[in-house]
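The values are calculated or read from the model by the stated rules, or taken from the named source; none is laboratory data. Everything quoted here is computed from the prediction, not taken from an experiment. Note that each Cβ is placed from the backbone with ideal geometry, even for glycine, and that neighbours are counted across all protein chains shown.
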Amino acid sequence: MDAFLFPGQGSQFPGMGRNLVDNFTTAKLVFEEACDALGFDIAALCFSGSEAELKLTANTQPAILTTSIAALRVLEQETDLQPSYAAGHSLGEYSALVCAGALSFADTVRIVRQRGTYMQEAVPVGVGAMAAIMGIERSELEQLCSDVAAGEVVAPANFNSPGQIVIAGHATAVDRAITLAKERGAKRALPLPVSAPFHSSLMEPAAKRLEAALQQVSVDNFSCPVVGNVEATPYQEQERVKLLLVEQVCAPVRWDESILKMQQLGVTRYVEIGPGKVLSGLAKRIAKGSTVQNICDVESLKKF
């Protein structure tokens, strides 16, 4: 069984997608559809935009989605691979829903542009922060966050793999957590270069705005189940899509559990589709012994 994995924010890089567009009309058509849906040239942003431009959350999210779906369409055209499950990390869950046919690409690229804007505007720049903590178990880190909160928000935001958890919340509380984590034996504790405290309760204003925006989007039947971030279990009920996407904004990403769930269900190969290799690296650590591949350009496609 194969699972298709789709990356989230942090996987972007200048020039992403160009190699596929230069070699496949299928990929070019995806970028053209995104440009039409958004009303601006996202191809130019991906191919020749600066790193700083790509890091802006409202740009990052549609840029990664578009590059991921371009890679997916090429993979579908050039191979006979079909996923038993699809999953994505945070933003990547939207790519997974497009992959499963539940959401149209045009609707989704518009909604993630709005999602990025809402998330950026939910907390003033500098007020929130995120940090990666390595080498502390989940229960210990949850207790640590509780110990340093002092009336502010700080809590686990991404359970990426055993021993790698990302926390989010008020910048001052995240700083206190970094200091205490080092004192309590964390292998590493470092702030992340992000512009907002994603997947924390501080994102509540963004969740409310996203809920309203999603009312304009229609949901279709699934071609395969999607393993969602909130519950780390497969779902394919149309009526649950919007509820889970809204809840996802403030809830932790349960990525390690998602990979383990697919392994339990019989997945033996994980294919990361889109820019970067972050999820490939995590899958190798979580689902030991599985086959892990990725596609982001022509060279990687040759391995299929």
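What to note about this one:
- Complete set of residues in the range 283-304 that are touching a Leu at 6+ places or on another chain (Cβ under 9 Å) and in a helix (DSSP H, G or I): A283, I286, V298, L301
- In the range 235-268, the residues that are assigned to a loop (DSSP other than H, G, I, E, B) and either closer than 19 Å to A132 by Cα or not assigned by TED's automatic domain parsing to the domain that holds D107 (or both): V249, C250, A251, P252, R254
- Taking the criterion of being under 16 Å from the mean Cα position of the chain (by Cα), at pLDDT below 95 and among the aliphatic types (A, V, I, L, M), the residues of the range 90-131 that qualify are M119, M130.
- The set of residues in the range 167-191 that are within 21 Å of E204 (Cα to Cα) and free of Cβ contacts under 8 Å to residues at least 40 places away in the same chain comprises I167, T172, A173.
- A206 being surrounded by 14 or more Cβ atoms within 10 Å (Cβ to Cβ) and either over 15 Å from the mean Cα position of the chain (by Cα) or in a helix (DSSP H, G or I) (or both): yes
- All positions within the range 103-129 that are in contact with a helix residue (DSSP H, G or I) (Cβ under 7 Å, 6 or more places away or on another chain) and either outside any helix (DSSP H, G or I) or of a type in the set (S, T, Y) (or both): L103, T108, T117, Y118, V123, G126, V127, G128, A129
- Condition check for S139: surrounded by fewer than 20 Cβ atoms within 10 Å (Cβ to Cβ), farther than 26 Å from G281 by Cβ and free of Cβ contacts under 8 Å to residues at least 12 places away in the same chain: no
- Just one of the listed residues (E239, E272) is touching a Cys at 6+ places or on another chain (Cβ under 9 Å) and of a type in the set (D, E, K, R), and it is E272.
- Some residue of the range 203-226 being polar (S, T, N, Q), within 17 Å of N158 (Cα to Cα) and modelled with pLDDT of 95 or more: no
- Just one of (1) under 21 Å from the mean Cα position of the chain (by Cα); (2) over 28 Å from L243 (Cα atoms); (3) aromatic (F, W, Y) fails for F40. It is (1).
- If only residues of the range 209-230 that are among the hydrophobic types (A, V, I, L, M, F, W, C), assigned to a helix (DSSP H, G or I) and surrounded by 13 or more Cβ atoms within 10 Å (Cβ to Cβ) are counted, the one that is nearest to the chain's Cα centre (by Cα) is L210.
- Residue check, V241 aliphatic (A, V, I, L, M), surrounded by 17 or more Cβ atoms within 10 Å (Cβ to Cβ) and within 14 Å of the chain's Cα centre (by Cα): no
- Residue list for the range 70-117, restricted to those being buried (at least 23 other Cβ atoms within 10 Å of the Cβ) and among the acidic types (D, E): E93
- Out of L54, L65, one residue alone is in contact (Cβ under 8 Å) with a residue 12 or more places away in the chain, farther than 27 Å from E231 by Cβ and assigned to a helix (DSSP H, G or I). It is L54.
- Failed condition for S90, given (1) touching a strand residue (DSSP E or B) at 6+ places or on another chain (Cβ under 8 Å); (2) on the phi < 0 side of the Ramachandran plot; (3) assigned to a loop (DSSP other than H, G, I, E, B): (2)
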